[in-house]
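The values are calculated or read from the model by the stated rules, or taken from the named source; none is laboratory data. A quick note: this is a predicted structure, and the numbers were derived from the prediction, not measured. Here the Cβ is made from the backbone with ideal geometry for all residues, glycine too, and neighbour counts use every protein chain on show. Heads up: the accessible areas ignore ligands, DNA and RNA and are worked out on the full protein's heavy atoms, side chains in. Shrake-Rupley method; radii C 1.70, N 1.55, O 1.52, S 1.80 Å.
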Amino acid sequence: MVRLITHNLLACHAKGCTSNNFPLQFQNVQIELKEAEFNPTFLETFMPKLEWKALVDSAKEASATISRYILGNTSLPLEQPEMLDEEFLKNLHHVLLEIHVEEGIMICPNCKHNYPISNGIPNMLLAEHEIG
Amino acid sequence: MSKYLVVFAQAHQEFRIPELESVSQLYDFKVSLPDERDLYRPYMVIGLESEDHARLLAKRCILIKSIYEFYGQGKNYEELHLCNRAKRKLWERYIPETSFKFIVTAYNHTIPQSRQKKVVESFSYMDFMGKIDMKNPEITLGCFEEYETRSGKTRERHEGDGDFRQVYFGRLIEEGSARSLIQVFDVKKRSYYGNTSMEAEISLLMANQTLASPGKLIYDPFMGTGSMAYPVAYFGAQVMGSDIDGRQMRGKATPGVFRAASQYGVSSRMIDICTFDVTNNPWRCGELFDAIVTDPPYGVRAGAKRLGRKKELDADRLTLYHEHRINPRPDDQPYIPPTRPYELSNLAVDLVLLARYLLKPGGRLVFFLPTVTDQYEEVDIYTMLCDGMEVIANSLQDFGTWGRRLVTIRKVTSRKYLPPNFCAQEEVGEIHIPAHRDFREKYFQGFKKVETEP
């Protein structure tokens, strides 16, 4: 269940792949929505750690390419807002924590390494020739 | 500050004070500990600023049985009563009409009924007018006699009665409620566990060392079957986990870690579990986590592994390998990369460096380190430290010839560090070889000293 919060923290780490290795691109994904408890403090403290553009893009991607899922409101402002109102935090909560990618692949935009997701668990292991 | 009497559970003595200090830090209040403290004694008089703090301790500390407002102590009852009379101000408001109950009990001893009654009667000068209510009293007064350990000797029933080391007296503030969590997290009742799952009590103690609470993000890099994650999530934190071997986390059908998490009602806080080798990890940046809690595999039942080969491939086989990578076999089986053993003392050094990179300033690394009892020296712990990381607790769980130490390390720096390169074993000029080096080999040799040729 790769959630978008996790996706936002994972970069390709194959040997020598150090630029343009984030965000990983989703392909052939199956999504599930699961309610999570709303914790505004957690969101506020975690926000500075997010790569905002990557998050906005993957939220868009999730809602556009897989329209057969009812995703709720995935629209986030293009810039991280200064004022955090309840509505914004609820959207952020939904995007970060309630969208679960159960199956699919994450592909490195640079070296094209495929990281498969199966049963909600991403396999980020590297092959022998890819480790440092 | 007022004084409170803590009655500890008879378990994990070395973990008691670290737990008290962690919980008080979590709720941001002060605890003053006695100057002379004997870790192995079950009663301790501590100073707190308010009764509420005592209640918080009793609700969160796994090793606290109960907390009393402290009225007195002594080598004998004369001393105790003298002390108690002097504290009259603390209890005189209960004299007129408060219903009460008296308990008289002992550590390492059973007091005969007849003397229990006499003890209660010796407090008659307190002149409580309220009725005695054994079921729902408004207050409970407790009197505790502490005897020396006399285990291993046969003795008559009640032998040595009254020959105690110290006696304590006070009013019950709160019965400890966190101990019941040991039953809740009992591994035997868990829907998913493995042969190296951590016992419930210890995993709860570890959770308290992490200062787990709502809003925090906590990571376990050797997640296994997730034993440390459940209590941490239960206390409100969000959890991330990873393991080099996905089978441990996964089990069959629905991933086991998620099944167990739902059993405890914490699956929404189990953010994600990922398969990767922590020495080749995909974390995009540092300073992500409030705490890292883990029980690294140290080789007795499951050895630590990292990606790589024990022996490098020769040229021919390397060519073959590259061909296979380009044209994978059509059997649709996932590729499983080769692994090599990860020596414990190297792992420990790497773990501290990784924690310094991944923890937020002030964050904590909490983990177990197995040690050989005869060979352990305190300096062993310090050989794995690096700048900016400080040991704040080190508690032994003793198994005889070996033991494991729960080590809590705090990140005391706000400097930003690069990710570690995980090459500890390649570094030369090491001055001190810690006793946990090659722990697995030592374990299977029964910790015998290596005989040197004459």
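Here are the numbers:
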quantity: Candidate set: region A:36-57, residues that are at the interface with chain B (Cβ under 7 Å from one of its Cβ atoms) and more than 15 Å from the chain's Cα centre (by Cα); chosen: the one nearest to A:P81 (Cα to Cα); calculated: A:T45
quantity: Residue list for region B:284-305, filter: within 12 Å of chain A (Cβ to nearest Cβ) and either of a type in the set (A, V, I, L, M) or open to solvent by 20 Å² or more (accessible area, probe 1.4 Å) (or both); calculated: B:R284, B:C285, B:E287, B:L288, B:D290, B:K305
quantity: Of the criteria (1) within 11 Å of chain B (Cβ to nearest Cβ); (2) in a helix (DSSP H, G or I), which one A:P116 fails; calculated: (2)
quantity: Among the residues listed as B:G241, B:G265, B:G236, the single one being under 24 Å from the mean Cα position of the chain (by Cα), assigned to a loop (DSSP other than H, G, I, E, B), over 13 Å from B:S191 (Cα atoms) and not basic (K, R); calculated: B:G236
quantity: Residue in region A:7-33 that is least open to solvent (accessible area, probe 1.4 Å), counting only those that are in contact with a helix residue (DSSP H, G or I) (Cβ under 9 Å, 6 or more places away or on another chain) and at the interface with chain B (Cβ under 7 Å from one of its Cβ atoms); calculated: A:L9
quantity: Candidate set from region B:266-283 (those that are buried (at least 20 other Cβ atoms within 10 Å of the Cβ) and of a type in the set (S, T, Y)); member that is nearest to the other protein chains (Cβ to nearest Cβ); calculated: B:T275
quantity: Among (1) open to solvent by 70 Å² or more (accessible area, probe 1.4 Å); (2) modelled with pLDDT under 90; (3) in a loop (DSSP other than H, G, I, E, B), the one test that B:R415 misses; calculated: (2)
quantity: Residue list for region B:330-382, restricted to those being open to solvent by 10 Å² or more (accessible area, probe 1.4 Å), hydrophobic (A, V, I, L, M, F, W, C) and either part of a loop (DSSP other than H, G, I, E, B) or at pLDDT 90 or above (or both); calculated: B:I336, B:V349, B:L353
quantity: Sole residue being touching a Gly at 6+ places or on another chain (Cβ under 7 Å) and either more than 13 Å from every other protein chain (Cβ to nearest Cβ) or surrounded by fewer than 21 Cβ atoms within 10 Å (Cβ to Cβ) (or both), chosen from B:A315, B:A260; calculated: B:A260
quantity: Wholly within region B:19-112, helices (runs of 4 or more DSSP H) carrying at least 3 residues that are among the aromatic types (F, W, Y); calculated: none
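Listed here are the residues, each with its yes/no results for (1) farther than 26 Å from B:A200 by Cα; (2) open to solvent by 40 Å² or more (accessible area, probe 1.4 Å); (3) small (G, A, S).
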site: B:V7; (1), (2), (3): no, no, no
site: B:E21; (1), (2), (3): no, yes, no
site: B:I46; (1), (2), (3): yes, no, no
site: B:E78; (1), (2), (3): yes, yes, no
site: B:I95; (1), (2), (3): yes, no, no
